[in-house]
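For reference, the structure discussed in these notes is given below.
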Amino acid sequence: FVQVLMVVGGGRVVVIGGGIAGVTVASALSSAGHLDVILLEASDRLGGRIRSGNLRTPSWNASASIFPDELGATWIHGRKGNPLYELATRTHLIQRTDPPQKWTLPEIVSSSNQSISSAIVGDVFIAFYEWMDIASTESSLTSNAKQFSSVGEFLDAQFELECAELHLNETEKKLRESIFERCKRLECSICGCDSLEQLKLSEFFEYDQLDDQHTRLPMPFKAIVDFIAEPIPHENIFLNTLVSKIEMISDETSSSVVVSARSETDEESEFHADYVVSTVSLGVLKERAASLFHPPLPQYKMNAIKAQGFGVVDKILVYFNDTLPESLPKSCIYLSSAAESRHKWLLDYAPFVSKRDNHTVEMWISGEAARESELQSIPQLTETVQLYLNLAWKSYLASDSQCPKLSAIERSMWQSNPLTRGSYSFNAVGSCGEDFEKLAEPILCPISQRPCILFAGEATHRAFYSTTTGAHLSGEREAKRILRDLGKREP
Ligand SMILES: Cc1cc2nc3c(=O)[nH]c(=O)nc-3n(C[C@H](O)[C@H](O)[C@H](O)COP(=O)(O)OP(=O)(O)OC[C@H]3O[C@@H](n4cnc5c(N)ncnc54)[C@H](O)[C@@H]3O)c2cc1C
């Protein structure tokens with residue numbers, strides 16, 4: 001039994017995906033009076049990669065002095081010129097007086113029970129971020145630097161140069177190297193790649209950091225999505241509706257697009273539309289574009305899907321019933337000389353641990369370690385995280401006291417999730433910035449040459465890829481494209 005649903009009216013639009021990009025398209029078109037817009041979302045909620053933790057968020061309240069727990073997007077990156085920041089302040093989700101996020105230098109402790117001198121940690125971090133600034137500023141990259149294809153190779157060369165200039169002995173160099181490697185790893189969990197060798201150097205500057213002021217919402221990030229979604233009539237939002245096929249059907253005079261979807265109860269539906277906007281992640285496209293689109297997407301688009309980078313970054317939120325001592329550092333990295341053990345994947349990775357409040361710490365992990373963490377059951381992960389924190393605690397406090405027993409753990413699984421297949425995109429060696437634009441290019445109707453399958457989502461924005469800002473702007477872009485096209489149509 002196939003239920004056939006027509007989206008009524010002149011401009012019939014089906015939006016696939018209820019992340020911030022899809023919600024933005026559907027909202028903008030609904031506000032413009034095109035109420036024949038429907039939104040199909042495979043999961044049971046809107047937000048996509050904007051997702052709060054389940055443990056504390058339901059009881060979170062505005063008077064709490066802590067920020068809500070986020071498993072996905074957390075900060076609005078950049079204030080000046082950022083439409084999401086503007087939206088959040090206009091709607092009083094954020095006050096302009098709320099301070100931007102402050103970055104604190106992590107304490108680094110090692111298994112030799114010693115805290116590494118903060119002066120050395122500071123030196124390495126400062127140098128690292130100076131080199132990152134050079135890498136991300138087109139005018140600072142000398143022709144000599146441009147010989148490196150990746151950000152990682154460029155940084156390694158700078159590090160070697162600096163060590164030579166400082167005339168370091170082997171032990172001093174090794175110590176700095178271990179801190180330098182942590183800086184690189186931390187940056188991987190910001191850029192979303194497995195290693196900085198994957199990040200293309202010559203176009204690294206294209207990512208727009210705006211004014212580099214990062215703002216955390218004092219409520220679940222999804223409040224922004226809910227606000228944007230307000231103009232979409234509830235009956236036009238279909239949750240638990242997994243799209244399995246997007247088919248363009250043309251005859252000699254016209255074409256339309258048929259979207260096949262399956263509901264939670266396995267009921268098959270077909271949605272006929274003039275415009276379909278796909279906002280599924282680049283990870284989903286990498287896995288399923290070949291079977292999702294009929295006829296197949298053009299080769300240039302398939303090449304861009306394959307070439308562009310899409311990595312994995314996961315968060316582990318760790319809760320304690322006991323109150324953590326004030327004396328613990330705000331953020332810390334523990335370097336172990338790990339022997340072979342089943343916990344080695346986390347000990348070797350040495351995640352950046354930040355203390356969120358007196359009962360919670362948060363860990364960011366990326367690449368192989370993130371994929372490994374997703375394979376662990378909750379009891380296995382709990383055991384490994386507890387061990388890591390016990391060791392860090394002992395080294396930092398250099399005392400016999402024990403790290404409290406953790407009471408609960410919550411983690412994201414962005415790679416295993418079939419609706420994301422990773423966390424966010426990056427400009428990879430072997431691809432180019434133009435690929436983000438190729439991902440955004442619509443498929444035209446062969447007869448009218450008008451756009452009929454359109455693409456939005458963070459990986460379709462050349463300057464703000466990987467962010468909620470990019471996803472939101474891409475949604476606005478595609479809504480405008482449809483409205484422009486509708487304006488051109490015969491009445
Ligand atoms: C750990 C992590 C931390 C992050 N931190 C930040 C941050 O601090 N600041 C920031 O700006 N950004 C951050 N991001 C990135 C940000 O979350 C994303 O860029 C943004 O949310 C992407 O939105 P989107 O609409 O493009 O895609 P998505 O949110 O992925 O939306 C796509 C939707 O499509 C649905 N879907 C997939 N397949 C189908 C199908 N076949 N049928 C129907 N529906 C389907 C999915 O369920 C999903 O809801 C972070 C992301 C992660 C994972």
Relative contact order as a percentage, the chain, C-alpha pairs under 8 Å and 6+ apart, gives 24 percent
Note, Ile365: beta-carbon cut-off 13 Å, +1 each Lys/Arg, -1 each Asp/Glu, net -2
Placing unit charges on C-beta atoms (Lys and Arg positive, Asp and Glu negative, everything else neutral), compute the dipole magnitude of region 58-209 about its Cα centre in debye, rounded to 20. 580 debye
Using helices alone, I'd like the mean residue ellipticity at 222 nm for the chain: each DSSP H run of four-plus residues gives -39500 (n - 2.57), total over residue count, nearest 500. -11000 deg cm²/dmol
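Multiplying the sequence separation of Asp251 and Gln299 by 0.36 nm and subtracting their Cα-Cα distance, what value in nm do you get?
15.0 nm
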Looking at the chain only, what percent of DSSP beta bridges run antiparallel? Nearest 5 please. 65 percent
Over the chain, one equal point on each Cα, no solvent: what is log10 I(q)/I(0) by the Debye formula at q = 0.05, 0.08 Å⁻¹? -0.21, -0.53
More than 13 Å apart: what percent of Cα pairs in region 217-256 qualify? 73 percent
For the chain: accessible area per residue (Å², 1.4 Å): 45 Å²
At R0 = 41 Å the Cβ-Cβ FRET efficiency linking Lys306 and Thr265, nearest 0.05, sits at 0.70
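Give me the percent of the accessible area of region 117-206 that comes from carbon and sulfur atoms, probe 1.4 Å, all protein chains in place.
51 percent
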Running Debye on region 360-447 with equal point scatterers at the Cα sites and no solvent, what base-10 log of I(q)/I(0) appears at q = 0.21 Å⁻¹? -1.08
Cβ-Cβ FRET estimate between Glu383 and Asn358, R0 fixed at 30 Å, reported to 0.05: 0.80
Pairwise label distance in nanometres, Ile447 with Ser244, each label 7 Å out on the Cα-Cβ vector: 2.8 nm
Placing +1 at every Lys and Arg Cβ and -1 at every Asp and Glu Cβ, with all other atoms neutral, what dipole size does region 117-206 have around its Cα centre, in debye to the nearest 20? 160 debye
Between Glu138 and Asp226, what is the FRET efficiency for a Förster distance of 60 Å, r being their Cβ-Cβ separation, to the nearest 0.05? 0.95
Amide H proximity to Val15 below 5 Å, modelled H, separation 5+ or other chain, gives Ile38, Leu39, Leu40, Val277
Fraction of accessible area attributable to carbon and sulfur, region 333-396 (%, probe 1.4 Å): 59 percent
Give me the percent of the accessible area of region 230-276 that comes from carbon and sulfur atoms, probe 1.4 Å, all protein chains in place. 45 percent
Provide the net charge surrounding Ser260, with neighbours chosen by a C-beta distance below 14 Å and charges set as Lys +1, Arg +1, Asp -1, Glu -1. -2
Using the Cα centre of the chain as origin and beta-carbon charges of +1 (Lys, Arg) and -1 (Asp, Glu), tell me which of Gly470, Val313, Ile482 is placed farthest towards the positive end of the dipole. Ile482
Which of the pairs Lys184/Lys480; Lys174/Lys355; Lys102/Lys306; Lys80/Lys480 have their Cα atoms more than 31 Å apart in this structure? Lys184/Lys480; Lys102/Lys306
How big is the charge dipole of the chain about its Cα centre, in debye rounded to the nearest 20, if each Lys and Arg gets +1 on its Cβ and each Asp and Glu gets -1 on its Cβ? 560 debye
In the structure shown, of Lys173/Lys200; Lys245/Lys301; Lys200/Lys438, the pairs separated by more than 23 angstrom at the C-alpha atoms are Lys173/Lys200
Find out how many positive minus negative residues lie around Val243, taking Lys and Arg as positive, Asp and Glu as negative, among other residues whose Cβ is under 12 Å from that of Val243. -1
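What is the Rg over Rh value, at two decimals, for region 117-206, using alpha-carbon atoms and the Kirkwood definition of Rh?
Taking Rg over the Kirkwood Rh, I get 0.96.
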Picking from Ser31, Phe238, Asn169, whose Cα lies most toward the positive end of the charge dipole for the chain (charges on Cβ: Lys, Arg +1; Asp, Glu -1)? Ser31
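The values are calculated or read from the model by the stated rules, or taken from the named source; none is laboratory data. Everything quoted here is computed from the prediction, not taken from an experiment. Virtual Cβ from ideal backbone geometry, glycine too; neighbours counted across all protein chains shown. Surface accessibility is based on the protein's heavy atoms, side chains included, excluding ligands, DNA and RNA. Shrake-Rupley method; radii C 1.70, N 1.55, O 1.52, S 1.80 Å.
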